[in-house]
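One structure is given below, encoded as structure tokens.
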Number of protein chains: 2
Amino acid sequence: MRRWITALALLPMMAAAEPITLERFGSFHVGGREVVVSGQPVREVLFSPGGVPARVDPNGTYLVGSMYAQFMVPRPLRGAAPLLMWHGGGLSGVSWETTPDGRDGWQHFFLRRGWHVVVSDAVERGRAGWTQIPEQTGGTALTLTVDNPWERFRIGAGTGSFARGEVLPGNQFPTDRESYMNFMRQVVPRFTTTDDMTLAAYIALLERTGPSVVMAHSQAGLFAWRAAQARPDLVRALVLVEPAAVGDAAQVAALRNVPVLLVYGDYIAQDARWPTIRANGVRFGEAVRAAGGHVDVVDLPERGIRGNSHMIMMDRNSDEVAEVIQQWLGARGLWR
Amino acid sequence: MRRWITALALLPMMAAAEPITLERFGSFHVGGREVVVSGQPVREVLFSPGGVPARVDPNGTYLVGSMYAQFMVPRPLRGAAPLLMWHGGGLSGVSWETTPDGRDGWQHFFLRRGWHVVVSDAVERGRAGWTQIPEQTGGTALTLTVDNPWERFRIGAGTGSFARGEVLPGNQFPTDRESYMNFMRQVVPRFTTTDDMTLAAYIALLERTGPSVVMAHSQAGLFAWRAAQARPDLVRALVLVEPAAVGDAAQVAALRNVPVLLVYGDYIAQDARWPTIRANGVRFGEAVRAAGGHVDVVDLPERGIRGNSHMIMMDRNSDEVAEVIQQWLGARGLWR
């Protein structure tokens with residue numbers, strides 16, 4: 001496994017300015033189910049000022065729990081399977097498209113290396129839409145204040161660090177005010193009770209794309225582990241970037257033929273929550289390995305890659321980390 | 001004006017299967033403002049099952065009212081300015097990306113003709129995110145039942161037509177069940193009281209892109225008229241596809257140097273609301289013309305293009321209508 005790490009320095013970086021040729025690209029929605037609501041009063045709604053009022057009957061059938069995906073297939077194609085990018089909680093597919101300081105995101109990085117990239121918005125977020133039917137969402141969505149990710153995503157050192165303007169020493173997240181606020185613009189509300197709907201939609205996505213590499217960040221680690229356990233035939237590999245949760249301990253054997261890469265950033269030991277979250281992930285990986293699976297754990301600081309926050313794909317050294325993942329995928333025979 | 005219509009039949013259609021070369025592409029957020037909330041209780045939130053609970057303080061500063069945009073710049077570039085595509089109410093930028101029956105959307109059409117295309121999600125929708133801070137949104141968002149657009153967007157003939165499975169004769173909207181449900185998957189909740197925030201964000205978008213052609217559908221007609229009145233220096237032309245509202249009557253002269261195309265579909269005379277909505281739009285256009293502006297009105301059936309619903313960019317003849325717009329833009333000197 002050392003070999004693909006040391007090869008890193010030898011690869012020339014692609015110039016970001018090069019044009020890219022797409023064999024095809026587009027978007028689609030998948031999944032969801034119908035829910036019937038009854039007994040609610042009819043309303044008259046003026047949709048646009050100066051328009052004509054429309055009668056809106058809230059009773060009837062709603063379609064809830066679908067999700068959105070945008071695919072891009074580059075020419076030449078070198079990835080052995082589609083590369084699905086699943087964003088973290090309170091975020092959307094934008095996480096992969098761009099960095100808050102305006103550099104190309106991992107969508108670009110992997111497209112330029114010939115991967116068919118699929119960037120999606122999970123149920124309830126972004127272009128997936130959401131619903132306020134209480135029995136479907138479990139209630140109120142959570143919106144984050146500007147200080148929350150700064151203090152929770154290992155950008156600053158915990159509570160109060162945003163107000164104090166404190167950044168963890170050597171942090172690679174772009175913390176100038178404009179960049180950080182660009183990141184906050186990407187944040188979307190989050191329901192904490194829609195996991196089952198979301199998992200079902202991700203499985204529907206895999207059924208649509210066919211066998212794929214799943215790259216998942218943070219919250220999506222939960223969905224990636226569990227989707228792979230439910231449909232190991234549809235997952236060629238899991239790349240889990242700081243997964244916030246694990247899979248079903250009773251089904252580790254289902255992952256026997258799904259190689260897994262776990263990637264963790266910096267500042268974990270000193271954080272209030274991340275030592276536990278990381279330990280849970282590593283322990284689950286060990287259980288998968290004990291069941292015959294292949295699990296690699298990369299702690300970036302141990303590889304000399306320092307300063308990574310929880311938002312690794314946005315950090316200033318994001319391309320360096322992407323290259324670690326690219327090399328691992330190549331070593332697994334998924335890139336030619 | 002007849003000339004660019006008759007030239008239509010002579011243009012070869014581009015093959016959808018051709019690869020496309022992008023000089024560059026990416027996404028960004030713009031606009032928004034900070035809002036302070038105080039006096040709310042602190043909550044403990046378990047973000048992921050098996051994770052570690054986090055303390056969430058809802059008091060503090062929120063960033064609300066920003067919007068999302070994805071840009072693609074093709075090679076070769078032939079449009080004289082960026083072409084911004086502003087979606088209608090209860091929808092997102094997806095409207096322009098794909099049709100519910102899986103054909104290429106107008107984003108593709110105009111990219112392939114060499115336009116720098118910018119597809120955006122307005123405030124509160126899609127990747128723009130949204131907020132539930134009541135004083136910012138004015139309350140509850142509206143989600144549509146599956147029958148609502150069918151009956152309101154001139155797909156079926158008004159109330160009850162969805163249940164009866166009735167389609168207006170010759171309708172070009174893809175009404176097979178799978179396609180229609182794909183369209184419903186694109187529908188997102190809509191607040192009806194966020195117009196000022198949305199207009200401000202669209203103006204911020206124009207400030208970012210520089211002088212642009214604005215193509216707006218339905219609700220976005222409101223924002224397009226008013227953004228052009230506020231910043232005529234940033235709008236090279238308006239293409240309004242069934243605009244649901246008009247601009248400020250006191251400021252028609254501001255549009256003197258902004259050429260405008262109004263496009264309306266079929267079945268309007270027999271609809272309960274659309275005769276009034278269309279008449280308002282045409283009358284506003286006449287006022288702009290009287291103030292020295294250039295306004296063309298295209299009623300598609302009068303040009304022999306029949307069967308168009310309100311969702312013209314999704315109808316089976318969407319490319320034919322796009323070609324009408326493309327020719328008009330060419331005649332205005334905006335394409336070379």
A:VAL64 being over 28 Å from A:ILE312 (Cβ atoms) and surrounded by fewer than 18 Cβ atoms within 10 Å (Cβ to Cβ): no
Test: residue in the range B:269-287 that is farther than 29 Å from B:GLY160 by Cα, modelled with pLDDT of 95 or more and in contact with a Pro (Cβ under 7 Å, 6 or more places away or on another chain): no
The range A:301-336, residues that are assigned to a loop (DSSP other than H, G, I, E, B) and acidic (Asp, Glu): A:ASP315
Residue within the range B:77-99 that is free of Cβ contacts under 8 Å to residues at least 60 places away in the same chain and either among the aromatic types (Phe, Trp, Tyr) or surrounded by fewer than 16 Cβ atoms within 10 Å (Cβ to Cβ) (or both) present: yes
The range A:171-184, residues that are surrounded by 18 or more Cβ atoms within 10 Å (Cβ to Cβ) and at the interface with another protein chain (Cβ under 8 Å from one of its Cβ atoms): A:ASN182, A:MET184
Flag for A:ARG236 being basic (Lys, Arg), surrounded by 21 or more Cβ atoms within 10 Å (Cβ to Cβ), at the interface with chain B (Cβ under 10 Å from one of its Cβ atoms) and within 25 Å of A:VAL118 (Cα to Cα): no
Any hit, the range B:285-308, residues being farther than 26 Å from B:VAL252 by Cα and of a type in the set (Val, Ile, Thr): yes
Given (1) at pLDDT 95 or above; (2) in contact with a Gly (Cβ under 9 Å, 6 or more places away or on another chain); (3) of a type outside the set (A, V, I, L, M), number of the condition A:PRO211 does not satisfy: (2)
Residue match in the range A:41-50 (condition: farther than 29 Å from B:ALA220 by Cβ and either facing another protein chain (nearest Cβ under 7 Å) or not aliphatic (A, V, I, L, M) (or both)): yes
Qualifying residue in the range A:218-225 (condition: closer than 30 Å to A:GLY330 by Cβ and surrounded by fewer than 21 Cβ atoms within 10 Å (Cβ to Cβ)): no
Subset tally (residues that are in contact with a Ser or Thr (Cβ under 9 Å, 6 or more places away or on another chain), within 17 Å of A:TRP335 (Cα to Cα) and among the hydrophobic types (A, V, I, L, M, F, W, C)) for the range A:62-115: 6
Selection count where residues are under 27 Å from B:GLY221 (Cβ atoms) and either hydrophobic (A, V, I, L, M, F, W, C) or not in a loop (DSSP other than H, G, I, E, B) (or both), scope the range A:51-61: 4
Candidate set from the range A:17-39 (those that are more than 7 Å from chain B (Cβ to nearest Cβ) and closer than 27 Å to A:ARG103 by Cα); member that is nearest to the chain's Cα centre (by Cα): A:PHE25
All positions within the range B:275-318 that are free of Cβ contacts under 8 Å to residues at least 60 places away in the same chain, closer than 11 Å to B:GLY265 by Cβ and of a type in the set (Val, Ile, Thr): B:VAL298, B:ILE305
All positions within the range B:270-300 that are crowded, with 17+ Cβ neighbours inside 10 Å, part of a helix (DSSP H, G or I) and within 22 Å of the chain's Cα centre (by Cα): B:TRP274, B:ILE277, B:ARG278, B:ASN280, B:GLY281, B:PHE284, B:GLY285, B:VAL288, B:LEU300
Candidates A:ASP196, A:ASP248, A:ASP176 - the one that is farther than 23 Å from B:ARG55 by Cα and at pLDDT below 95: A:ASP196
Restricting the range B:51-63 to residues that are within 30 Å of B:MET197 (Cα to Cα) and among the hydrophobic types (A, V, I, L, M, F, W, C), the residue that is farthest from the other protein chains (Cβ to nearest Cβ): B:VAL56
Hits in the range A:198-233 (condition: within 14 Å of chain B (Cβ to nearest Cβ) and among the hydroxyl-bearing types (Ser, Thr, Tyr)): A:THR198, A:SER218
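The values are calculated or read from the model by the stated rules, or taken from the named source; none is laboratory data. Quantities reported herein were computed from a predicted structural model and do not represent experimental measurements. FYI the Cβ positions are ideal-geometry reconstructions off the backbone, even for glycines, and counts take in every protein chain you see.
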